[in-house]
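Contents: one structure, followed by commentary.
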Amino acid sequence: MLIKMAANATKGQIEHVVERIRECGFQPHLSEGEERTVIGVVGKSDGRRSEVEALRAAPGVDEIIPIANPFKLASRTMRPEGSIIELGKGVTIGGTQVVVGAGPCAVESAPQIEEVAGRVAAAGAKLLRGGAFKPRSSPYSFQGLGEAGLKMMRAAADNHGLLVVSEVMDPSQIELMVRYVDVLQVGARNMQNFNLLRELGKVRKPVLLKRGIAATFEELLCSAEYVLAGGNYELILCERGIRTFETYTRNTMDISAIPIIHKLSHLPMTADPSHGTGRRDKVAPMARASVAAGADAMLIEVHHQPDKALSDGAQSLYPEQFAKLMDELRMIAPAVGREIA
């Protein structure tokens, strides 16, 4: 349930409600908006729910709203105005600006990531994407450079004023990765790795959670709930295509996920048309459509020599193609009340 405090509720009244929630065996989660504070009540406490509901009469309480769906903290009701996530260096996701992250699928060498970082930064990207740990379908495929790759990416990003987003695959990698990255990405294969999600809930660093290859919207938001319930509210969702009966593209890019998730949840929504289609010539059209549909951010794969890429070269744009796409997005964004960061 959600407890909406009155606009003029005092700090003491809010603290009283929070303490009473804890006494009843639940966990309070505060969302402090511009006009009022909303307190999410989650957890299991047999027989004491009625005691929390009795707080309707407590000073400073405006109303108590029951939530029927299983994702309480991710629900739009928790924060109707939507969440804005601060990444650092003045970059935020969830406001009027659309933030673009770009880079290779995998970090392959220092010269490679340095070259790509410079090119995407010049075109207007704010985030450098790239994998140091790679979840591959085949155990014989390139698995990434590990910490060496993280160091290369951090150096290249710093040289060009970019932030870093990279995928974490296992709880044991978190401690290492937080030293190098600004955003921890959870890939589609790990969307329901609940042990990983629980640990990321303890981290105070933004997390980008990708939709699973066959996940429903509710399943995505329930996975998000694991991170939020752990206390990490710096969470961003991502549509990266789902598996359907169609084989022409690598995945089916579900553009409808963007407005639907915005209706269901306050969390910002990212689009990844590179994985969403798996085809270089389809990335730009899906990116343009994603901005028109309301995407808060974009992840685009870019490689200066995609024919030599060790991972996903077929879906990686050439730097000049990325620059052209950025110019197109700058024209589309104002039509829907947005701008490219």
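Here is the figure for segment 282-312: residues that are free of Cβ contacts under 8 Å to residues at least 60 places away in the same chain, of a type outside the set (A, V, I, L, M) and not in a loop (DSSP other than H, G, I, E, B) total 7.
Which of the residues that make up segment 120-155 are of a type in the set (D, E, K, R) and either outside any helix (DSSP H, G or I) or in contact with a strand residue (DSSP E or B) (Cβ under 7 Å, 6 or more places away or on another chain) (or both)? Answer for segment 120-155, where residues must be of a type in the set (D, E, K, R) and either outside any helix (DSSP H, G or I) or in contact with a strand residue (DSSP E or B) (Cβ under 7 Å, 6 or more places away or on another chain) (or both): K126, R129, K134, R136, R154. Of all residues in segment 315-341, those being over 19 Å from R119 (Cα atoms) and not basic (K, R) number 8.
Yes/no per residue for (1) assigned by TED's automatic domain parsing to the domain that holds Y226; (2) closer than 21 Å to G231 by Cβ; (3) in contact with a strand residue (DSSP E or B) (Cβ under 6 Å, 6 or more places away or on another chain):
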position	(1), (2), (3)
A7	no, no, no
T10	no, no, no
E23	no, yes, no
G33	no, yes, no
V38	no, yes, yes
G43	no, yes, yes
R49	no, no, no
L55	no, no, yes
A58	no, no, no
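Residue count for segment 27-68 satisfying the condition of being of a type outside the set (S, T, Y), over 26 Å from the mean Cα position of the chain (by Cα) and either exposed (fewer than 15 other Cβ atoms within 10 Å of the Cβ) or modelled with pLDDT under 90 (or both): 15. From the list I236, I261, the one residue that fits, being in contact (Cβ under 8 Å) with a residue 24 or more places away in the chain and out of contact with any Ser or Thr (no Cβ under 9 Å at 6 or more places or on another chain), is I261. Counting the residues of segment 188-218 that are crowded, with 21+ Cβ neighbours inside 10 Å, in contact (Cβ under 8 Å) with a residue 40 or more places away in the chain and in contact with a helix residue (DSSP H, G or I) (Cβ under 9 Å, 6 or more places away or on another chain) gives 4.
Of all positions in segment 58-73, none carries a residue that is under 25 Å from N190 (Cβ atoms) and of a type in the set (D, E). Scanning segment 284-312 for residues that are within 24 Å of the chain's Cα centre (by Cα) and under 17 Å from G130 (Cα atoms) gives A297, M298, L299, I300, E301, V302, H303, S311, D312.
V18 falls short on exactly one of the conditions (1) within 26 Å of the chain's Cα centre (by Cα); (2) under 19 Å from Y233 (Cα atoms), and that condition is (1). For segment 35-42, the condition of being outside any strand (DSSP E or B) and either free of Cβ contacts under 8 Å to residues at least 60 places away in the same chain or closer than 30 Å to D307 by Cα (or both) holds for at least one residue.
The values are calculated or read from the model by the stated rules, or taken from the named source; none is laboratory data. Everything numeric in this text was worked out from a predicted model, so none of it was measured. Ideal geometry is used to build each Cβ from the backbone, glycine not excepted, and the neighbour counts take in all protein chains shown.
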